[in-house]
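**Q** Please see the structure below; I have some questions.
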């Protein structure tokens with residue numbers, strides 16, 4: 001039994017290391033530049049020169065986007081938080097909040113082995129599934 005647990009643990013460890021190496025060099029370089037970064041985007045009205053915050057995007061210590069907030073002139077318009085799979089590094093869950101910081105939708109994702117999106121499950125804030133989007137990839141010759 002101990003041997004089986006050891007083998008399973010070793011396989012999971014190798015998978016987690018392998019998932020990082022599956023990322024392209026460009027993706028790894030982008031993530032490296034974004035570690036612990038916050039990007040603020042500002043708008044300026046051309047006539048009155050009034051300036052307001054438009055977007056704030058926050059990245060974690062691995063360079064992955066963890067939060068994006070969109071603002072309007074009156075304040076927060078929408079906020080989205082992102083959660084990632086520890087093994088693949090892919091987004092597995094997004095929560096969208098309204099201008100009162102209340103959840104309005106939850107999206108969960110499944111991914112194909114080649115890294116493409118397979119399915120998107122859309123939930124209401126109470127957890128009830130209301131739609132499923134399936135992604136189909138067709139290459140034209």
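Just so it is clear, none of the values below were taken in a lab; they were calculated from the coordinates. Since this is a predicted model, take the numbers as computed values, not measurements. Backbone-built Cβ (ideal geometry, glycine too); neighbour counts: all protein chains shown.
**Q** I need 37, 53 ordered by Cβ neighbour count within 10 Å, fewest first.
**A** Going from least to most buried by this count: 37, 53.
**Q** With viscosity set to 1.002 mPa s at 20 °C, what whole-number translational diffusion coefficient in µm²/s follows for region 22-72 from Stokes-Einstein and a Kirkwood radius over Cα pairs?
**A** 173 µm²/s
**Q** Another question, if that's okay. Mind running the shape call on region 46-94? Use the C-alpha gyration tensor, a ≥ b ≥ c as the square roots of the eigenvalues: rounded below 1.5 for a/c, prolate if a/b tops b/c, oblate otherwise. Write down the numbers at each step before the final one.
**A** On the way: a/c = 5.04, a/b = 2.81, b/c = 1.80.
Because a/c hits 1.5 or more and a/b exceeds b/c, region 46-94 counts as prolate.
**Q** Efficiency by 1/(1 + (r/R0)^6): what FRET value for residue 114 and residue 77, r their Cβ-Cβ distance, R0 = 30 Å, to the nearest 0.05?
**A** Values: r = 35 Å, r/R0 = 1.16.
Given R0 = 30 Å and the Cβ-Cβ separation, E is 0.30.
**Q** When a footprinting reagent is the concern and you count Cβ atoms within 10 Å, what order do 39, 96 take, fewest first? If you can, show how the numbers build up before the last one.
**A** On the way: 39 12, 96 16.
Ranked by crowding around the Cβ, least crowded first: 39, 96.
**Q** Put a dot 7 Å past each Cα toward the Cβ at residue 35 and residue 51; how far apart are the dots in nm?
**A** 3.0 nm
**Q** For region 26-110, what does the relative contact order come out to in percent, with C-alpha contacts under 8 Å and a separation of six or more?
**A** Worked out over region 26-110, it gives 18 percent.
**Q** Shifting gears a bit: With a ≥ b ≥ c the root eigenvalues of the C-alpha gyration tensor of region 25-134, is it rounded (a/c under 1.5), prolate (a/b larger than b/c) or oblate? Kindly include the intermediate steps, with their values, before the conclusion.
**A** Working: a/c = 2.57, a/b = 1.31, b/c = 1.96.
Oblate, since a/c reaches 1.5 and b/c is not below a/b.
**Q** List 80, 132 from most exposed to least, where exposure is judged by having the fewest other Cβ atoms within 10 Å.
**A** 132, 80
**Q** Stretch residue 98-residue 136 to full length: gain in nm at 0.36 nm per residue minus the Cα-Cα span?
**A** Using 0.36 nm per residue and subtracting the Cα-Cα distance, I get 10.7 nm.
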